[in-house]
Amino acid sequence: MKPGMSLIRHYLQFKDLRAEEYVYLFERAAIIKRRFKNYEKYQPLVDRTLAMIFEKASTRTRVSFEAGMYQMGGSVVNLTSGDSQLGRSEPIEDTARVISRMVDIVMIRTFEQSKLEGFAAHSRVPVINGLTNEYHPCQILADLFTYIEHRGQGQGEADALASLRGRTVAWVGDGNNMANTWLQAADTLGFTLHISTPSGYELDPKLAGVTNAACVKVFGNPLDACRGAHLVTTDVWTSMGYEAENEARKKAFARWCVSREMMAVAQPDALFMHCLPAHRGEEVEAEVIDGPQSVVWDEAENRMHVQKALMEYLLLGRIG
Ligand code: CP
Ligand code: NVA
């Protein structure tokens, strides 16, 4: 980006975009996915470069951003803390100043949200959150798109909001980055989040900056959280960066395993989602994640399609 171009949009948390922008992104993601499936070349980002910085492990985020950027005609640079000066204490702000003079867009997976924000504050180009301790907005973008694909109402993607409003999403497990982001999504898009976490692992609605307190309902028993839900979802008991707590978490989370019984009290056509990687027999029974209500593989694939739409939007604005 040329110096002086000040209107940079970042995507650091879910609430950085408005409801109508999500409607637009879902429409674009559907178009971009259709073209991909039909082997139609679509390369609006020729000569654009994406830098990816991974301070934590990844399979889906790495492949979906990298493949997506190449498919759109651009190129990709991949950095980790281990193979860059970030691992030798170069300040994140200096890294941002340098990298953003050379590339057009940056995706970062790191620990504290404040680190991502520090980078964005010194970047000349859009920055995307590829997961922090606090949020994982690209994943929820993909999850919502997947829900609309499977259970959307109406003729077109413009009905996206109507497909989500009034629905109930049940979150079973840790009050982590995924849970915080689901909460922001419920607040932004008008659905309800039922949440059940073990004691000591609760979600903090203040962190998510929720404006409508009615969008979240807390349940002690995970079975109650799943009652009547249109979507049941969970995540690992121990997120990246919290490995030292693994044994304590295994004990605390034993009852927070999405079971066939939980799916049975949800809506008859309820979907199951998991951002992956999954641990069968811990946070979800194999019969659920590998069962007919599970859409986890579509959910994973859709990371690529929604992120292509997101990069197109952040770099080119609205098309047409
Ligand atoms: N769901 C997700 O972000 O997967 P990765 O950790 O493999 O990128
Ligand atoms: N909550 C998990 C998500 C992994 C994609 C983590 O942060 O490790």
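The values are calculated or read from the model by the stated rules, or taken from the named source; none is laboratory data. Fair warning: this is a prediction, and the values are worked out from it, not measured in the lab. Here the Cβ positions follow ideal geometry from the backbone for every residue, glycine too, while neighbour counts run over all protein chains shown. SASA here: full protein model, heavy atoms, side chains in, ligands and nucleic acids out. Shrake-Rupley method; radii C 1.70, N 1.55, O 1.52, S 1.80 Å.
Mind telling me which of the residues G173, G152 ends up being within 23 Å of W297 (Cα to Cα) and open to solvent by less than 10 Å² (accessible area, probe 1.4 Å)?
Just one listed residue meets the conditions, G173.
Report the residue count in the stretch 189-206 for those that are closer than 27 Å to N246 by Cβ and β-branched (V, I, T).
Looking only at that region, the number is 2.
Take A179 and tell me if it is away from ligand 2 (no atom under 16 Å from the Cβ), within 29 Å of A252 (Cα to Cα) and surrounded by 24 or more Cβ atoms within 10 Å (Cβ to Cβ).
no
Just checking, how many residues over the stretch 22-56 are of a type in the set (D, E) and surrounded by fewer than 15 Cβ atoms within 10 Å (Cβ to Cβ)?
2
Output the qualifying pairs, or none if there are none: Cβ atoms under 9 angstrom, residues six or more apart or on different chains, first residue in the stretch 11-29 and among the charged types (D, E, K, R), second residue at pLDDT 95 or above and surrounded by fewer than 19 Cβ atoms within 10 Å (Cβ to Cβ).
If the second residue must be at pLDDT 95 or above and surrounded by fewer than 19 Cβ atoms within 10 Å (Cβ to Cβ), the pairs left are D16/R9; R28/R318.
List pairs: first residue in the stretch 237-248 and within 15 Å of Y201 (Cα to Cα), second residue in a helix (DSSP H, G or I) and near ligand 2 (Cβ under 9 Å from one of its atoms) anywhere in the structure, Cβ distance under 7 angstrom, at least six positions apart or on different chains.
S239/N177
Within the stretch 52-73, which residues are in contact (Cβ under 8 Å) with a residue 60 or more places away in the chain, within 19 Å of Y39 (Cα to Cα) and either part of a loop (DSSP other than H, G, I, E, B) or more than 16 Å from ligand 2 (Cβ to nearest atom) (or both)?
Correct list: A67, G68, M69, Q71, M72.
I'd like to verify a number: residues in the stretch 222-277 that are within 15 Å of ligand 1 (Cβ to nearest atom), of a type in the set (G, A, S) and open to solvent by less than 30 Å² (accessible area, probe 1.4 Å), how many?
Number satisfying all stated conditions: 1.
So in the stretch 204-221, with the set limited to residues that are part of a helix (DSSP H, G or I) and touching a strand residue (DSSP E or B) at 6+ places or on another chain (Cβ under 9 Å), which one is surrounded by the most Cβ atoms within 10 Å (Cβ to Cβ)?
Filtering the stretch 204-221 for residues that are part of a helix (DSSP H, G or I) and touching a strand residue (DSSP E or B) at 6+ places or on another chain (Cβ under 9 Å), the one surrounded by the most Cβ atoms within 10 Å (Cβ to Cβ) comes out as A208.
Condition check ((1) modelled with pLDDT of 95 or more; (2) hydrophobic (A, V, I, L, M, F, W, C); (3) within 16 Å of ligand 2 (Cβ to nearest atom)) across all residues:
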position	(1), (2), (3)
T211	no, no, no
L231	yes, yes, no
Y242	yes, no, yes
E247	yes, no, no
E261	yes, no, no
M273	yes, yes, yes
V295	yes, yes, no
A300	yes, yes, yes
Q307	yes, no, yes
